[in-house]
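**Q** Here it is: the structure, laid out below.
The values are calculated or read from the model by the stated rules, or taken from the named source; none is laboratory data. Keep in mind it's a predicted model, so treat the numbers as computed, not measured. When we count neighbours, we look across all protein chains shown, and the Cβ atoms used for this are built from the backbone with ideal geometry, even at glycine. All accessible areas refer to the heavy atoms of the entire protein, side chains included, with ligands and DNA or RNA removed. Shrake-Rupley method; radii C 1.70, N 1.55, O 1.52, S 1.80 Å.
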Amino acid sequence: MRSLPHDQGPRRRIDYGGRVKIALMDSGIGLLAATAAVRRLRPDADLILSLDPDGMPWGPRTPEDLTARALAVAEAAAAHRPDALIVGCNTATVHALPALRALLEPEVPVVGTVPAIKPAAAGGGPVAIWATPATTGSAYQRNLIKEFAGDTEVTEVPCPGLADAVEHADEAAIDAAVAAAAALTPDDVTTVVLGCTHYELVAERIRAAVQRPDGPRLVLHGSAGAVAAQALRRIGARPDPGAPAAGTLTVLLSGREGTLPAPALAYDEGRLLRSVTSAR
């Protein structure tokens with residue numbers, strides 16, 4: 001993951017004998033990939049998921065409107081006193097990260113999600129970046145390519161409708177959107193950057209659509225694992241995959257306590273959280 005401003009190391013130390021509490025935010029279930037990554041690294045961590053069903057999707061909103069929604073969702077999560085907050089959304093990271101950090105830091109470190117262009121380019125070979133139409137070709141993404149891709153050949157691939165199809169677990173729409181994006185992906189691509197957190201939930205379907213029968217195994221680069229690890233580093237907590245699975249789960253829906261949206265259970269990442277005890 002790209003090192004963002006203020007990601008200079010832990011702001012405070014966690015008592016390793018105590019509980020780790022990590023909050024994650026997004027308009028919808030795109031945060032599931034990072035949530036599952038945190039769960040795997042720290043099964044004992046208490047999780048707070050703050051979603052915005054009343055305001056989703058965030059993508060079509062103006063930057064100012066999106067930032068206002070993101071701040072409200074973050075404040076709802078912050079009321080539960082997390083040790084760190086992960087912004088599990090690329091678009092919210094682009095537009096709202098400075099405002100979120102101004103609101104919460106240094107008391108609550110805020111970790112954004114950035115497309116994994118740097119590690120993808122480091123692997124060599126032609127790279128495709130699958131992203132939402134709004135992000136594809138944007139100055140933000142072009143600057144990341146310029147900064148991190150070097151001489152690597154990069155193709156930007158717009159994926160209209162894919163994030164929305166994943167959000168609603170619409171199988172037919174997912175298949176159609178993946179097929180359309182695969183058709184725009186050059187045959188010689190060896191690496192795909194999943195430039196939207198929703199896409200990580202259907203990573204293997206993307207691999208199957210892009211993989212060439214006579215080519216090397218396609219490499220996929222998401223951000224979830226790096227984001228989860230960075231959140232633990234920011235608070236000075238060590239990964240402990242063998243810890244007892246004693247962490248609790250709190251779900252906030254536009255500030256109201258609730259449960260995981262039904263489409264979340266269509267994905268392995270959502271089903272992983274089904275066994276987590278609800279906080280009371």
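**Q** Out of residues 5 or more away from Glu156 or on other chains, whose amide H comes under 5 Å of its own, with H placed 1.01 Å from N in the peptide plane?
**A** Here the answer is Ile129, since their amide H atoms fall under 5 Å of that of Glu156.
**Q** Related question: Using Cα pairs closer than 8 Å and at least 6 residues apart in sequence, work out the relative contact order for the range 47-195, in percent.
**A** Once divided by the residue count of the range 47-195, the mean separation gives 22 percent.
**Q** Roughly how many Å is it from the Cα centre of the range 179-248 to that of the range 121-173, as a whole number?
**A** What the calculation gives is 13 Å, centre to centre.
**Q** Then there is this: Over the alpha-carbon set of the range 14-167, work out the extent along each principal axis and list the three values in angstrom, largest first.
**A** Extents along the principal axes, in whole Å: 47, 34, 29.
**Q** Give the carbon-plus-sulfur fraction of the accessible surface of the range 30-120 in %, rounded to a whole number; probe 1.4 Å, heavy atoms of protein chains only.
**A** Result for the range 30-120: 57 percent of the exposed heavy-atom area is carbon or sulfur.
**Q** What percent of all Cα-Cα pairs in the range 182-268 falls in each 10 Å bin, counting up from 0?
**A** 13, 30, 33, 18, 6, 0
**Q** Which value, in nm² and rounded to one decimal, describes the direction-averaged projected area of the C-alpha convex hull of the range 130-280?
**A** 11.7
**Q** Additional query: Within the range 181-258, which trypsin sites (Lys or Arg not before Pro) sit in a loop by DSSP and count at most 14 neighbouring Cβ atoms inside 10 Å?
**A** Taking the range 181-258 and a limit of 14 other Cβ atoms within 10 Å, the loop trypsin sites (Lys or Arg not before Pro) found are Arg217.
**Q** Let me ask you something else. How large is the Rg to Rh ratio of the range 110-170 when both quantities use alpha carbon positions and Rh follows Kirkwood?
**A** Using only Cα positions, Rg/Rh for the range 110-170 is 1.01.
**Q** Grab the other residues whose beta carbon is less than 12 angstrom from that of Met56, score K and R as +1, D and E as -1, and report the net.
**A** Result for the local shell: -3.
**Q** Right, next: Name the long-range amide H neighbours of Asp83: under 5 Å, sequence gap of 5 or more, or other chain; modelled H, no Pro or chain starts.
**A** Long-range HN contacts for Asp83: Lys21, Ile22, Ala23.
**Q** Over all pairs of distinct alpha carbons, what does the Kirkwood formula give as the hydrodynamic radius of the range 136-183, in Å?
**A** Across the range 136-183, the inverse of the average 1/r is 12.2 Å.
**Q** Turning to a different aspect of this structure: I need to check one value: relative contact order of the chain, counting alpha carbon pairs closer than 8 Å and at least 6 residues apart, in percent.
**A** About 29 percent, as a whole number.
**Q** If you split all Cα-Cα distances of the chain into 10 Å bins from zero, what percentages do you get per bin, shortest first?
**A** Bins of 10 Å from zero give 7, 31, 37, 21, 5, 0 percent of pairs.
**Q** Then there's this: Once the Cα atoms of helix 63-78 and of the chain are each reduced to a long axis, what angle between those two axes, in degrees from 0 to 90 to the nearest 10, is obtained?
**A** The angle comes out near 40 degrees.
**Q** Counting only protein heavy atoms, what percent of the accessible surface of the range 125-280 is carbon or sulfur at a 1.4 Å probe?
**A** 54
**Q** Now, a different point. Taking θ = phi - 60°, what integer Hz values does the Karplus form 6.51 cos²θ - 1.76 cosθ + 1.60 yield along the range 113-123, in sequence order, with x for Gly and Pro?
**A** Result, ordered by residue: 10, 10, x, 7, 6, 4, x, 5, 5, 5, x Hz.
**Q** Once both axes come from the Cα atoms, what is the angle between helix 139-148 and the longest principal axis of the chain, in degrees from 0 to 90, rounded to 10?
**A** Its long axis makes an angle of about 80 degrees.
**Q** Could you give the angle, 0 to 90 degrees to the nearest 10, between helix 90-104's Cα long axis and the longest principal axis of the Cα atoms of the chain?
**A** Helix 90-104 sits roughly 20 degrees off the main axis of the chain.
**Q** Report, by chain and number, residues whose modeled amide H sits under 5 Å from the one on Asp54, excluding near sequence neighbours (fewer than 5 apart, same chain).
**A** Answer set, sorted by chain and number: Ser254.
**Q** Okay, moving on. Sort out the exposed loop GluC sites (Glu not before Pro) in the chain (DSSP loop, at most 15 other Cβ within 10 Å) and tell me the longest stretch that has none.
**A** 154-280
**Q** Taking the inverse of the average 1/r across all pairs of different Cα atoms in the range 20-86, what Kirkwood radius in Å do you get?
**A** 12.3
**Q** Before anything else, pin down the relative contact order of the range 146-215: Cα pairs under 8 Å, at least 6 apart, normalised by residue count, whole percent.
**A** Result for the range 146-215 is 32 percent.
**Q** In addition: Near Leu201, within a Cβ-to-Cβ distance under 11 Å, what is the net charge of the other residues, with Lys and Arg +1 and Asp and Glu -1?
**A** Net charge around Leu201: -4.
**Q** With the other protein chains left in place, how much accessible area per residue, in square angstrom, belongs to the chain at a 1.4 angstrom probe?
**A** Counting only protein heavy atoms, the per-residue value for the chain is 43 Å².
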